[in-house]
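*Asks:* Please read through the structure below; I'll follow up with questions.
The values are calculated or read from the model by the stated rules, or taken from the named source; none is laboratory data. Because the structure is a prediction, the values reported are computed rather than measured. Neighbour counts are summed over all protein chains in view; Cβ atoms, including those assigned to glycine, are modelled from backbone coordinates with ideal geometry. Remember, those area values only see protein heavy atoms, side chains included, never the ligands or the DNA or RNA. Shrake-Rupley method; radii C 1.70, N 1.55, O 1.52, S 1.80 Å.
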Amino acid sequence: LAADKATVGTFYLYNTALGLYRTTDGGSTWQLIHGGEIVAWSSFNIKLKAVPGKAGELYYSNGDQSGGPTGDFVHSTDGGATWTVVPNVLEVHAFGFGKAAPGKSNPTIFIDGWVGNVYGIYRSDDNSVTWTKIGDYPLGSLDAVTTVEGDKDVYGKVYVGFGGSGAVYGQLQ
């Protein structure tokens, strides 16, 4: 379930067997927007998030598939009807949005996953076109990253939460 961050009363609900549904009336009625799986293996570790301030813009990942980099990271700009694979990005375990970079209108995107077959924590300031690696294993922890979220008020600040060993944050200097 994901709330549209720009349109009051709009929510998206994903059912791996049936597809992506949308409500525009706060949940009273639902419409099938995309039938079936968004990407292959969509019943494991799914994450669906709406982009803050961008009506109908969504990102989706099916996350960790056990092993190397697999599982596409995809983006929709039409409320989930169609999806585009984000090039060179795989197996995004967690992702979130932060304050836009100076001079940019889209929020910064932070991911924990694989870019160009290299694992790390990454930041994109240009709507997932290019990525900057900002970390490997925060504080040397090999624990699984379960959540990533950018600060909505401070550009370049990111919070990373683990499956059992707490959380860390990093910030551009």
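*Asks:* For segment 23-53, enumerate the residues that are open to solvent by less than 30 Å² (accessible area, probe 1.4 Å) and within 16 Å of the chain's Cα centre (by Cα).
*Replies:* Passing the criteria: I38, V39, S42, L48, A50, V51.
*Asks:* Also, I was wondering about something else. Could you check, for segment 138-147, whether at least one of its residues is more than 26 Å from K104 (Cα to Cα) and either in contact (Cβ under 8 Å) with a residue 60 or more places away in the chain or touching a Leu at 6+ places or on another chain (Cβ under 7 Å) (or both)?
*Replies:* Taking every residue of segment 138-147 in turn, at least one turns out to be more than 26 Å from K104 (Cα to Cα) and either in contact (Cβ under 8 Å) with a residue 60 or more places away in the chain or touching a Leu at 6+ places or on another chain (Cβ under 7 Å) (or both).
*Asks:* If you check L20, L58, which single one turns out to be touching a Phe, Trp or Tyr at 6+ places or on another chain (Cβ under 9 Å), surrounded by 16 or more Cβ atoms within 10 Å (Cβ to Cβ), farther than 28 Å from V118 by Cα and aliphatic (A, V, I, L, M)?
*Replies:* Criteria check complete, one pass: L20.
*Asks:* With respect to the numbered conditions (1) open to solvent by less than 60 Å² (accessible area, probe 1.4 Å); (2) on the phi > 0 side of the Ramachandran plot; (3) among the polar types (S, T, N, Q), which one is the sole condition not fulfilled by N117?
*Replies:* (1)
*Asks:* Does E149 meet the test of being on the phi > 0 side of the Ramachandran plot, acidic (D, E) and crowded, with 18+ Cβ neighbours inside 10 Å?
*Replies:* For E149, the condition - on the phi > 0 side of the Ramachandran plot, acidic (D, E) and crowded, with 18+ Cβ neighbours inside 10 Å - is not met.
*Asks:* Looking at (1) in contact (Cβ under 8 Å) with a residue 24 or more places away in the chain; (2) at negative phi, find the lone condition where V129 falls short.
*Replies:* Here V129 meets the rest and fails (1).
*Asks:* Only residues that are within 14 Å of the chain's Cα centre (by Cα), open to solvent by less than 30 Å² (accessible area, probe 1.4 Å) and within 27 Å of G9 (Cβ to Cβ): list them for segment 70-93, please.
*Replies:* V74, H75, S76, G80
*Asks:* Is it the case, given these coordinates, that K133 is open to solvent by 20 Å² or more (accessible area, probe 1.4 Å), modelled with pLDDT of 95 or more, touching a strand residue (DSSP E or B) at 6+ places or on another chain (Cβ under 7 Å) and not aromatic (F, W, Y)?
*Replies:* yes
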